[in-house]
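Presented below is the structure to which this report refers.
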Amino acid sequence: WPTNRHFPKLITHIEFLLYNTFFLTPVFLFSVQINVSSAVLKAAAHHFGSQCDKANKEFMLCRWEEKDPRKCLNEGRKVNECALNFFRQIKGNCAESFTDYWTCLDYSNLAELRQCRKQQKEFDNCVLEKLGWERPGLGDLSKVTKVATSRPLPENPYHSRPRPEPNPVIDGKLEPAKYGSRLFFWNW
């Protein structure tokens, strides 16, 4: 494994296993990780889902079709870049209201959104004014959508077995075995 002077320290355990297992280069695997808590992710979830919808759906389509995480590293990198840009925009424009919102979620029991509606409203207003992002309605992000992608369809997207060859045609007459069935004692 390369030393830290060549590669940053932000390589995760999964990337280390991928590198050791499949001999992928660490430069290809390297990406800056988003180091935030669950409260931050929960507070940003609705806006993140609407802003990075295409990248997320493209990645999930790739994972479903390919059934191999190595083939979806580029799509995963696009999701990570979108998330980094999203949090940079939030930090640059609405850091104070966002911090109030996720701190309320962090300190509330079970991180319930209903206990932080005041902070949520302030954050949503800030995002709407400064970035022009409207909070998606209830159920908007979970609707089934078709994803238009430039990635080619895999050869076998359902990973099904090939159809078996038909039984060969037998010439002549088939006769029963000379001494009967060999499964004489098992007559079920």
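Computed from the coordinates by the stated procedures, all read-outs in this text should not be read as laboratory data. Computed from a predicted structure; not experimentally measured. Cβ placement follows ideal geometry from the backbone for every residue including glycine, while neighbour counts extend to all protein chains displayed.
Here the Karplus relation 6.51 cos²θ - 1.76 cosθ + 1.60, evaluated at θ = phi - 60°, turns the backbone of the range 102-114 into coupling constants of 6, 5, 4, 5, 5, 8, 6, 5, 6, 6, 7, 5, 5 Hz, with x for every Gly and Pro. The residues neighbouring C116, those whose beta-carbon lies less than 11 Å from its own, together hold a net charge of +1 under the Lys/Arg +1, Asp/Glu -1 convention. Ranked by the mean number of other Cβ atoms within 10 Å per residue, highest first, peptides 87-100, 143-156 order as 87-100, 143-156. Each of Y107, Y179, Y101 was scored by other Cβ atoms within 10 Å of its Cβ. Arranged with the fewest first, they read Y179, Y107, Y101.
For the peptides 113-119, 80-86, residues were scored by their other Cβ atoms within 10 Å and the scores averaged per peptide; the highest-first order is 80-86, 113-119. Between L61 and E112, the contour length at 0.36 nm per residue exceeds the Cα-Cα span by 15.3 nm. Judged by the mean number of other Cβ atoms found within 10 Å, the most tightly packed of the peptides 128-140, 46-58 leads the ranking 46-58, 128-140. Would you work out if the range 31-130 is rounded, prolate or oblate? Take a ≥ b ≥ c from the square roots of the eigenvalues of the alpha-carbon gyration tensor; rounded if a/c is under 1.5, else prolate when a/b is larger than b/c, oblate otherwise. In terms of gyration-tensor shape, prolate.
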